[in-house]
1. For residues in segment 115-139 being surrounded by 14 or more Cβ atoms within 10 Å (Cβ to Cβ) and assigned to a loop (DSSP other than H, G, I, E, B), which is farthest from the ligand (Cβ to nearest atom)?
2. Looking at (1) of a type outside the set (S, T, N, Q); (2) within 20 Å of ARG149 (Cβ to Cβ); (3) modelled with pLDDT of 95 or more; (4) surrounded by 19 or more Cβ atoms within 10 Å (Cβ to Cβ), which is the only condition HIS81 fails?
3. Kindly check whether there is at least one residue in segment 91-113 that is over 21 Å from GLY41 (Cβ atoms), hydroxyl-bearing (Ser, Thr, Tyr) and surrounded by fewer than 14 Cβ atoms within 10 Å (Cβ to Cβ).
4. Quick one: in segment 1-59, which of the residues that are among the polar types (S, T, N, Q), over 18 Å from GLY99 (Cβ atoms) and at pLDDT 90 or above is nearest to the chain's Cα centre (by Cα)?
5. Taking the condition without any contact (Cβ under 8 Å) to a residue 40 or more places away in the chain, outside any loop (DSSP other than H, G, I, E, B) and either exposed (fewer than 12 other Cβ atoms within 10 Å of the Cβ) or touching a Lys or Arg at 6+ places or on another chain (Cβ under 9 Å) (or both), does ARG22 pass?
Amino acid sequence: MPDEQDFFVVRGQVESGDKRGRELGFPTANIALRDQDDVVGDGVWAGWAERADGTRIAAAVSVGRRPTYYGADGYRLLEAHLLDFTGDLYDEELTVWLGEHLREQRAYSSAEELITALKNDVAAAAAWTAAHPAADLPDPGGPRLGEVRRLRRP
Ligand SMILES: Cc1cc2nc3c(=O)[nH]c(=O)nc-3n(C[C@H](O)[C@H](O)[C@H](O)COP(=O)(O)O)c2cc1C
């Protein structure tokens, strides 16, 4: 977990997920992570995503292995659910800032329980992004695709 001073930032190309997110009502842009468990741990975050055209959109972000569906065997990925956004991000390069750690990953016993948690995450992400505008984000520098970088808060 970061200390309060830190942001994490990841840049990556959006891969196609298994479309379950759409069924749950929370579509996600999925980004593969290089094997860097020591930089950012698994968890759920409030943050911002920047599209290729420079637009910044508030996001609720999951880093982990989707234990509800894959036990401990899933591969580790970053999934960003963009708030108030509809559209296709497939293949686009996205930069994602992780600003506030909201909770740990959990294995839920039903899709309904996961959906309840996702609703809370979205509300928390909306509150955090309202208080931490996109214009104040630290410069991401030039992370390699899939690489997680730790940034000092400006
Ligand atoms: C904000 C957020 C929090 C999440 N938290 C969890 C979690 O605690 N446990 C879990 O198994 N999956 C979690 N997920 C991942 C969902 O299981 C995943 O997005 C869903 O299965 C859809 O996968 P897909 O994008 O491959 O279709 C989270 C996703 C988001 C966007």
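1. This residue is PRO138.
2. In the conditions (1) of a type outside the set (S, T, N, Q); (2) within 20 Å of ARG149 (Cβ to Cβ); (3) modelled with pLDDT of 95 or more; (4) surrounded by 19 or more Cβ atoms within 10 Å (Cβ to Cβ), HIS81 misses (2) alone.
3. yes
4. ASN30
5. It is true that ARG22 is without any contact (Cβ under 8 Å) to a residue 40 or more places away in the chain, outside any loop (DSSP other than H, G, I, E, B) and either exposed (fewer than 12 other Cβ atoms within 10 Å of the Cβ) or touching a Lys or Arg at 6+ places or on another chain (Cβ under 9 Å) (or both).
Yes/no matrix, rows are residues, columns are (1) within 19 Å of ASP18 (Cα to Cα); (2) part of a strand (DSSP E or B); (3) within 14 Å of the chain's Cα centre (by Cα); (4) modelled with pLDDT of 90 or more:
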{"position": "SER62", "(1), (2), (3), (4)": "yes, yes, yes, yes"}
{"position": "TYR75", "(1), (2), (3), (4)": "yes, no, no, no"}
{"position": "GLY99", "(1), (2), (3), (4)": "no, yes, yes, yes"}
{"position": "LEU102", "(1), (2), (3), (4)": "no, yes, yes, yes"}
{"position": "GLN105", "(1), (2), (3), (4)": "yes, no, yes, yes"}
{"position": "GLU113", "(1), (2), (3), (4)": "no, no, no, yes"}
{"position": "GLY141", "(1), (2), (3), (4)": "no, no, no, no"}
{"position": "LEU151", "(1), (2), (3), (4)": "no, yes, no, no"}
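The values are calculated or read from the model by the stated rules, or taken from the named source; none is laboratory data. The structure displayed is predicted, hence computed values, not measured ones. In this analysis, Cβ positions are derived from the backbone assuming ideal geometry, glycine residues included, and neighbour counts consider all displayed protein chains.
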